[in-house]
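What follows is a single structure, written as structure tokens, with notes after it.
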Amino acid sequence: MKLSSLFRPMDLIVGSVNAVVVISWSLVQWELRMRDVQGLNEDLGWIMMAVSVVVLFFRSAFPLAVTLVILAATLVYYPASSTDGPMLSGFVISLYTLAAMGRLVAASVIAASTFVIIVVSEVIANFAHMTQSETLMLGGWIVAVPAIGAVVAHYRRYRAETRVALAEAQRRSVAEERIRIARELHDAVGHHLSLINVQTAAALRKLRKDPAYETEGVLKVVAETSRQSLRELRAMVGVLREAGADSPTGPGPSLDQLPSLVDAARASGLEVELRVDGHAELPVAVDAAAYRVVQEALTNVLRHARASRVQVKVVIGTTTLAVAVTDDGAGDAKGANPEGNGLTGMRERAEGLGGTFNAGPRQDGGFTVEAAWPMEVPK
């Protein structure tokens, strides 16, 4: 066992103070002849005092053993010595330590036994050393010590559990934030990169067939899409910066941006129909989540569906917002893979705000993504 675990700083301080008080007080009483009845064995009394003083330094390493040793030394000391010094202080300290370290049952048993010994011995001696009230007061203090230690032990457990709970909450918060950032990157930047990939791949195929193919229109779409991707990426990086830093955060995603999103998809060759029914002031979180679901659904269509026509429908009611993206493609299993980041992210965006999500192939061909949110976001 390491020396640091045997001698803790507080044990050294408490043990030193107790040693100085007990020994100096007893020596002063001895020199001033302030003694009670003649002791049975003065040398044995001094030895027991030394034992109780020394073992107290180990109170944290061996709380139960130290308490029992000091109790035994104290019981031997008082009959053996004629000096009625503060020998009992070591026992009180060790008993408190035992209870404060969570050994409440042992501390209670020792305190109750000590109370019985004190009362019975004084009754047998006809209260020769203490009056009846002094005996009861001393016994009461001995019984109260474990109760005080139990309060301290409970507080220490509460503080430790609080630290663990805070650490777990912080770890969970960090994990959720990482997932949120990954989802934002996947939905926003991934969508724009998918459009760029579709446009450039189509342009390359046309160039192989016709070297004179005019690519200016394609390059304009790619440039505009890359600019949008950079704007969203800068906004996310700005949010991650330290508070007070100068960062271009810009407005968050919103259903108001659906026309530009649909135009970008149309530029990739898709026939996209956008229909919006109703109008209301939407909660920011719901507005952003609905936009991201539509965005990711269009991305899946471009990547996997081999579709030619897509319908985007938004219904804004008095209590519910619903979106649906339906295509006439092949319903590729890759796009419908429940383990994929796309569908998982969309489901998290819907259910995380108290909404519902459903996605799957249609009976007459194609694929449908549907999500709905309550207007009031649960806290």
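The values are calculated or read from the model by the stated rules, or taken from the named source; none is laboratory data. Given the structure is predicted, the values throughout are model-derived calculations rather than measurements. Note: ideal-geometry Cβ built from the backbone for every residue, glycine included; neighbour counts use all protein chains shown. For accessibility, only protein heavy atoms count, side chains too; no ligands or nucleic acids. Shrake-Rupley method; radii C 1.70, N 1.55, O 1.52, S 1.80 Å.
Observations, loosely collected:
- In the range 6-17 there is no residue that is over 56 Å from the mean Cα position of the chain (by Cα), assigned to a helix (DSSP H, G or I), at pLDDT below 90 and at negative phi.
- When restricted to residues that are farther than 12 Å from residue 267 by Cα, open to solvent by 40 Å² or more (accessible area, probe 1.4 Å) and assigned to a helix (DSSP H, G or I), the range 206-225 contains 5.
- Here residue 197 meets each of (1) farther than 30 Å from residue 267 by Cα; (2) open to solvent by 40 Å² or more (accessible area, probe 1.4 Å) with one exception, condition (1).
- Selection within the range 297-328 - surrounded by 22 or more Cβ atoms within 10 Å (Cβ to Cβ), part of a strand (DSSP E or B) and either acidic (Asp, Glu) or in contact with a Gly (Cβ under 6 Å, 6 or more places away or on another chain) (or both): 327
- The single condition among (1) under 26 Å from residue 230 (Cα atoms); (2) open to solvent by 10 Å² or more (accessible area, probe 1.4 Å); (3) not polar (S, T, N, Q) that residue 294 does not satisfy is (2).
- Any hit, the range 31-38, residues being part of a helix (DSSP H, G or I), on the phi < 0 side of the Ramachandran plot and modelled with pLDDT under 85: yes
- The range 189-207 residues that are farther than 19 Å from residue 229 by Cα, paired with ones that are among the small types (Gly, Ala, Ser) and surrounded by 18 or more Cβ atoms within 10 Å (Cβ to Cβ) (beta carbon under 9 Å, 6 or more apart): 202/268
- Single match in 278, 317 (criterion: at positive phi and of a type in the set (Gly, Ala, Ser)): 278
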